[in-house]
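As structure tokens, the structure follows; a few thoughts come after it.
Derivation of every value follows stated rules applied to the coordinates shown; laboratory data play no part. Because the structure is a prediction, the values reported are computed rather than measured. Note that we place each Cβ from the backbone using ideal geometry, even for glycine, and neighbour counts take in every protein chain shown.
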Number of protein chains: 2
Amino acid sequence: MKAEIIAVGTELLLGDILNTNAQFLSKELAALGVEVYHQTVIGDNEDRLLDAFKEAFKRCDMVITSGGLGPTQDDITKEIAAKFLGKELTLNEEALKDIENYFNITGRKMSESNKKQAYFPKEDIILKNNNGTAPGAIMKGKNGEIIIVLPGPPREIIPMFKEGVVPFLKTITDSTLYSKVIRLFGIGESSMAEEIKDILESRNNPTVAPYAKEMDVTLRITAKAKDEEEARDIIKPVENKIKERLGEYIYGEGEDTLEEVVARKLLQKRLTIAVAESCTGGMIASKLVNYPGVSEVFMEGVVTYSNKSKVENLGVKVETLEKYGAVSEETAREMAEGIVKKAGVDIGISSTGIAGPDGGTEEKPVGLVYIGICIRGKSMVKKLNIPGNRERVRARTTMEALNWVRLELNKL
Amino acid sequence: MKAEIIAVGTELLLGDILNTNAQFLSKELAALGVEVYHQTVIGDNEDRLLDAFKEAFKRCDMVITSGGLGPTQDDITKEIAAKFLGKELTLNEEALKDIENYFNITGRKMSESNKKQAYFPKEDIILKNNNGTAPGAIMKGKNGEIIIVLPGPPREIIPMFKEGVVPFLKTITDSTLYSKVIRLFGIGESSMAEEIKDILESRNNPTVAPYAKEMDVTLRITAKAKDEEEARDIIKPVENKIKERLGEYIYGEGEDTLEEVVARKLLQKRLTIAVAESCTGGMIASKLVNYPGVSEVFMEGVVTYSNKSKVENLGVKVETLEKYGAVSEETAREMAEGIVKKAGVDIGISSTGIAGPDGGTEEKPVGLVYIGICIRGKSMVKKLNIPGNRERVRARTTMEALNWVRLELNKL
């Protein structure tokens, strides 16, 4: 089965937004064993979009589009797809109800133009949109052509693809590519590649591919097999070999996030935590709170960005701040110990650093960060030098703090 | 002048990497007044790439490629471009010297295969690569076709485009496109479109295009003119008309973010702020802290995720929590008032809500959020129903809170 991806939107052609949908769709289709030889981007233009469908179907069996399902006159993807397949659009009462419902829930007023989003060919499959107003659709043509129209915003297209399109595609493909992703933190891509050079080079079934993300590194092990079970058997021995060599860096699998792993471990071990943040300014707490159910172990967070609030909230000594400064090992330690005392928890974490762009000195440059951890009465401090801009320094500090908690929890 | 972008690389079709080059090139070309109606991605395949050139030149005058200039057999972009234009590749001594030089500087050994990267059509312009081994080229065909081949890695293509391609393109284009972006929050794309329907439909010079982002909405006003000054004059009256109609929703321009705008206003007005967060769990504080220099006005944040910490840190009454619950107007109000008192600030913000996925009831469904604000002794609460998953509920609450502060600051 061959598919092509057509992303529709003048904003893509102007470079206003990045075509992340093409990457998402390509990755998903590869995993399903669907071959993709072309991705195209077209503006909101009837003739060019119609031509794009014509060209694509000279080469493939299925086209997946993203974007152009909105309520405005500019949004034409569904209309042109129907035109290409010789289909008529009629008002679908259920889709209309869903859209009305979406407006009710969000407390916004539905405008007349949104009705346009409820028009579909009678005989086709409509894909519900729980995260926006535009339903998608799977349209089938007389000669077996399939056009799947999906909305543009990532938070709409991703769930719609996973919930609506994947089940459909599984019914029409026969071999499957199955991948397992291993997530690592604290090792660079090239060091990792060196550790498992032989595995990366073997390029058999399964293949192993490393990817460096903004903050962490992942390894994707991909097997081709007739079904998921066979694929898992092919993956297992290679996965074990990787775990033997890189074990300590591996924090999770698949869609795991570091904060999720930490929150799960805390819940498992029934250990409570509280956070005292200076340079991260709430980011560590915010990450932890993203895990549902974390309220059982996450007791409280304080953002003590000023010296005054470090003293008042955490009992950091004025002398410590005067002698060593707010960004120091001593302050980080007192912050971690202070939050443990204040919140009456098992584990306290603290952060203090110079996130930049200003405020750096020769002795204490931008990127200098101290992370404190106080765990069952024992306190430790880690000193880091993080390159990059303010956002990166803060985000990296957050990840380093969470990873440290993970490693300490493993020891308990 | 019409151009198309062809990105070459199987890794793009597998979704292994994101096509940031297409965005970069599109943005640059738009700024130069070059129209781009198609972006394409093709794998490392001779026939398909040749077909892509054929298709493209039915529609345009110039094709810019990225990727496929490496030393391996897989890298075929330059070869196929030359084949399409009927040109022969010969060894270019100067290019070879540059490549040898690059290897010398970086202390790596040049392999025999890198020689391939020094072959070019005799008559064409070679683009130096100071950040990698692959030179690019500007090739001209007999019928006026232009193919510009550029390397794939962003750190190579970006400087090569700016240093080598922009000067060339300026010699063959005469007008420029200049855009101004206006950022709005608190209005949906369709409502916004209705408010300025006449402006959107006029489609003259300047054009106005709406885009919905994850959380906010933007309007891009684009003028075609001989220079930036003339473009600004064309944009001004339309911009003013939009501001008249949508003023209250407009929070910024260009790359402004909501937190930046709020932080700047607080600094301007010398008003201090503190944050008490439940469902947002540190996200509001974290956004504010992202603005350098905010320490002068941002006094502290508390993440009072548990009832206990709401009572202990903020003085929320136990009776309030028992009678109305943690997610209630009353609790939000007491949280905002509590943080003002605790931190001794001018403005306090609070959030409490049900972020999901669990914890919702019929009376208090997932997505129910209260935001409290206490400003110079006056406290107010806003009730919201936010659709979507946990992360979205929290992120949206954060933005709503910041936007509310913005609006209140405007009144002072």
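Using Cα centres only, tell me the gap between region A:1-67 and region A:256-330 in whole Å. Distance between centres, Cα-based: 44 Å. Listed by chain and number, the lysines whose C-alpha is less than 19 Å from the C-alpha of B:Lys122, apart from same-chain residues fewer than 8 away, are B:Lys78, B:Lys83, B:Lys87, B:Lys97, B:Lys140, B:Lys142. Listed values for region A:362-369 are Karplus-derived 3J(HN,Hα) couplings in whole Hz (6.51 cos²θ - 1.76 cosθ + 1.60, θ = phi - 60°), namely 5, 6, 10, x, 4, x, 6, 9, and x replaces Gly and Pro.
Given an 8 Å cut-off on Cα distances and at least 6 residues of separation, report the relative contact order of region A:232-344 as a percent. Before the final figure, lay out each step's value.
Details: 107 pairs, mean separation 24.6, N = 113.
It rounds to 22 percent for region A:232-344.
Under the combined filter of DSSP loop state and at most 13 neighbouring Cβ atoms within 10 Å, region A:296-384 retains these trypsin sites (Lys or Arg not before Pro): A:Arg376. Counting from the shortest, the label point at A:Glu189, 7 Å from Cα toward Cβ, is 3.1 nm from the same position in each remaining copy. The string of couplings for region A:62-68 from the Karplus curve (6.51, -1.76, 1.60, θ = phi - 60°) is 8, 10, 10, 10, 10, x, x Hz, one whole number per residue in order, with x for Gly and Pro.
Remark on A:Lys87: its backbone amide H falls under 5 Å from none of the residues 5 or more positions apart or on other chains, H modelled at 1.01 Å from N. Which residue fluctuates most in the GNM of chain A (Cα springs below 10 Å): A:Thr106, A:Thr331, A:Thr320? Checking each option, the largest mean-square fluctuation is seen for A:Thr106.
Which shape class applies to region B:1-72: rounded if a/c is under 1.5, otherwise prolate when a/b exceeds b/c and oblate if not, where a ≥ b ≥ c are the square roots of the Cα gyration tensor eigenvalues? Don't skip to the answer; put the middle values down first.
Values: a/c = 2.16, a/b = 1.33, b/c = 1.62.
Since a/c reaches 1.5 but b/c is at least a/b, the shape of region B:1-72 is classed as oblate.
Rounded to 0.05, the FRET efficiency of the B:Asn130 and A:Arg376 pair, given R0 = 60 Å and the Cβ-Cβ distance, is 0.65. Label points for B:Pro167 are taken 7 Å from Cα along Cα→Cβ. From this copy to the others they lie 6.0 nm apart, shortest first.
How big, on average over all directions, is the shadow cast by the Cα convex hull of region B:18-159, in nm²?
Mean shadow area of the hull around the Cα atoms is 8.5 nm².
With charges only on Cβ, +1 for K and R and -1 for D and E, what is the dipole size of region A:1-91 about its Cα centre, in debye, rounded to 20?
Details: 9 positive and 15 negative charges, 76 e Å.
For region A:1-91, the charge dipole is close to 360 debye.
Would you compute, from DSSP H runs of 4+ residues alone, the mean residue ellipticity of the protein assembly as shown at 222 nm, taking -39500 (n - 2.57) per run and dividing by the full residue count, rounded to the nearest 500? Provide the component values of the computation, followed by the final result.
On the way: 32 runs with 338 residues, N = 824.
Computed ellipticity for the protein assembly as shown at 222 nm equals -12500 deg cm²/dmol.
Rounded to the nearest 20 debye, the dipole magnitude of region A:266-321 is 120 debye, with +1 charges on Lys and Arg beta carbons, -1 on Asp and Glu beta carbons, and the Cα centre as origin. When B:Glu11 is represented by a point 7 angstrom out along its Cα-to-C-beta vector, the spacings to that point in the other copies are 2.8 nm, nearest first. Length available on full extension from A:Lys54 to A:Asn410: 0.36 nm per residue minus the Cα-Cα distance, which gives 122.5 nm.
From the square roots a ≥ b ≥ c of the eigenvalues of the alpha-carbon gyration tensor of region A:361-412, which class results: rounded (a/c under 1.5), prolate (a/b over b/c), or oblate? Walk me through the numbers on the way to the answer.
Numbers: a/c = 3.68, a/b = 1.82, b/c = 2.02.
Judged from the Cα gyration tensor, region A:361-412 comes out oblate (a/c at least 1.5, b/c at or above a/b).
Can you classify region A:143-261 as rounded, prolate or oblate using the Cα gyration tensor, where a ≥ b ≥ c are the square roots of its eigenvalues, rounded means a/c under 1.5, and otherwise it's prolate if a/b beats b/c and oblate if not? Mind showing how you got there, number by number?
Details: a/c = 2.44, a/b = 1.51, b/c = 1.62.
Here region A:143-261 falls in the oblate category.
Only bridges with both residues in the protein assembly as shown count here: give the DSSP antiparallel percent, nearest 5. Mind showing how you got there, number by number?
On the way: 92 of 146 bridges.
Around 65 percent of the beta bridges assigned by DSSP in the protein assembly as shown are antiparallel ones.
Note on region A:214-293: lysine pairs with Cα distance below 27 Å, sequence gap of 8 or more or different chains, count 13.
State the antiparallel share, in %, of DSSP beta bridges confined to chain B, rounding to the nearest 5. Spell out each step's value before the answer.
Working: 42 of 69 bridges.
So the antiparallel bridges amount to about 60 percent of the total.
Exposed loop sites here are GluC sites (Glu not before Pro) assigned a DSSP state other than H, G, I, E or B and surrounded by at most 13 other beta carbons within 10 Å; excluding them, the longest clear run of chain B is B:256-361.
For region A:258-411, the share of DSSP beta bridges that are antiparallel, to the nearest 5, is 60%.
Proximity of backbone amide H atoms, modeled 1.01 Å from N, is registered between B:Ile273 and B:Phe298, B:Met299, B:Asp346, B:Ile347 at under 5 Å, excluding neighbours fewer than 5 places apart on the same chain.
Farthest toward the dipole's positive end in chain B, which of B:Ala326, B:Thr171, B:His38, given Cβ charges of +1 (Lys, Arg) and -1 (Asp, Glu) about the Cα centre? Farthest along the dipole direction, towards plus: B:Ala326. Using Cα positions and a limit of under 29 Å, work out the lysines in reach of B:Lys323, with same-chain residues fewer than 8 apart set aside. Cα-Cα hits under 29 Å: A:Lys342, B:Lys308, B:Lys310, B:Lys341, B:Lys342, B:Lys364, B:Lys378, B:Lys382, B:Lys383.
Ranked by Cβ crowding within 10 angstrom, fewest neighbours first, how are B:Ile250, A:Ile80 ordered? Present the calculation step by step, with values, prior to reporting the outcome.
Numbers: B:Ile250 18, A:Ile80 25.
If I rank by nearby Cβ atoms, fewest first, I get B:Ile250, A:Ile80.
What the phi angles of region B:382-399 give under the Karplus curve with 6.51, -1.76 and 1.60, with θ = phi - 60°, is a coupling list of 10, 9, 10, 10, 10, x, x, 7, 3, 5, 5, 4, 5, 5, 5, 4, 4, 5 Hz, glycine and proline written as x.
How high is the relative contact order of chain B, in percent, with contacts defined as C-alpha pairs under 8 Å that are six or more residues apart? Working shown, then result.
Working: 767 pairs, mean separation 41.2, N = 412.
That works out to 10 percent.
Database remark: amide H of B:Tyr119 closer than 5 angstrom to the amide H of B:Asn92 (H placed geometrically; neighbours at sequence offset of 5 or more, or on other chains; Pro and chain starts carry no H).
Order these by the 10 Å Cβ neighbour count, fewest first: A:Thr173, B:Thr171.
Working: A:Thr173 13, B:Thr171 7.
Least to most surrounded, the residues fall as B:Thr171, A:Thr173.
The alpha carbons of the protein assembly as shown give a radius of gyration and a Dmax of 28.3, 86 Å, in that order. Of all the C-alpha pairs in chain A, what % are more than 39 Å from each other? Every Cα pair in chain A considered, those over 39 Å come to 38 percent. Put a plus charge on the Cβ of each Lys and Arg, a minus charge on the Cβ of each Asp and Glu, and nothing anywhere else: the dipole of the protein assembly as shown about its Cα centre is then about 1460 debye.
Taking 8 Å as the Cα distance limit and 6 or more residues as the minimum spacing, I'd like the relative contact order of region B:2-172 as a percentage.
In percent, rounded to a whole number, it is 22.
Spacing of the modelled spin labels on A:Leu384 and A:Glu248, each 7 Å from Cα toward Cβ, amounts to 1.7 nm.
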